[in-house]
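Student: Mind looking over this structure? Questions follow.
The values are calculated or read from the model by the stated rules, or taken from the named source; none is laboratory data. Please read all numbers here as calculations on a predicted model, not as lab measurements. FYI the Cβ positions are ideal-geometry reconstructions off the backbone, even for glycines, and counts take in every protein chain you see. Accessible surface areas use protein heavy atoms only, side chains included; no ligands, DNA or RNA. Shrake-Rupley method; radii C 1.70, N 1.55, O 1.52, S 1.80 Å.
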Amino acid sequence: MTKPSAPRRHLSTSPFKAPVAPVAKHFALGDRVSHDQFGLGRIIGVEDGVAMLVDFGSRQARIVSPYTRMDKL
C-alpha cells in the first residue's frame, strides 16, 4: 500500500486558478439532516468538529468530518 500524496501547492505564477477550499458545514444538536447513504435523520450527539451522531430511525450512525455527504434540511 502507498501513502496518499500531500496536497499540491499553488504557485502564484501559475496561469490556473487556485483550488477552492471546501466550506465547512456546521450542524447543531437536534438539526434535521439528509445523508446520501442513510437518508433522513436527526443529530443526537456532537463531537466538536470531529463527528456527529445521527439517528436515522432504524439505525444510529457516527458521521465523521468533513460532512460531504450530509446536508442540513
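Student: Which residue pairs have Cβ atoms under 8 Å apart, sit 6 or more places apart or on different chains, and have a first residue in region 7-31 that is within 18 Å of Asp48 (Cβ to Cβ) and a second that is modelled with pLDDT under 80 and assigned to a loop (DSSP other than H, G, I, E, B)?
Tutor: none
Student: Select from region 1-24 the residues that are of a type in the set (Gly, Ala, Ser) and surrounded by 10 or more Cβ atoms within 10 Å (Cβ to Cβ) and list them in ascending order. I'd like the intermediate steps shown before the answer.
Tutor: Taking region 1-24 as the starting set, the residues that turn out to be of a type in the set (Gly, Ala, Ser) are 5-6, 12, 14, 18, 21, 24.
Within region 1-24, Ala18 is the sole residue that qualifies.
Student: Which one is farthest from His26 (Cα to Cα), of the residues in region 54-71 that are open to solvent by 50 Å² or more (accessible area, probe 1.4 Å) and more than 11 Å from the chain's Cα centre (by Cα)?
Tutor: Residue satisfying both the conditions and the ranking: Ser58.
Student: For region 28-53, which residues satisfy the criterion of being at pLDDT below 90 and either open to solvent by 100 Å² or more (accessible area, probe 1.4 Å) or hydrophobic (A, V, I, L, M, F, W, C) (or both)?
Tutor: Asp48, Val50
Student: Within region 8-35, track down each residue that is of a type in the set (A, V, I, L, M, F, W, C), in a loop (DSSP other than H, G, I, E, B) and within 13 Å of Asp71 (Cβ to Cβ). Before you say what the answer is, go through the steps one by one.
Tutor: Quick first cut of region 8-35, residues of a type in the set (A, V, I, L, M, F, W, C) only: 11, 16, 18, 20-21, 23-24, 27-29, 33.
Now restrict to residues that are in a loop (DSSP other than H, G, I, E, B): 11, 16, 18, 20-21, 23-24, 27-29.
Within region 8-35, Val23, Phe27 qualify.
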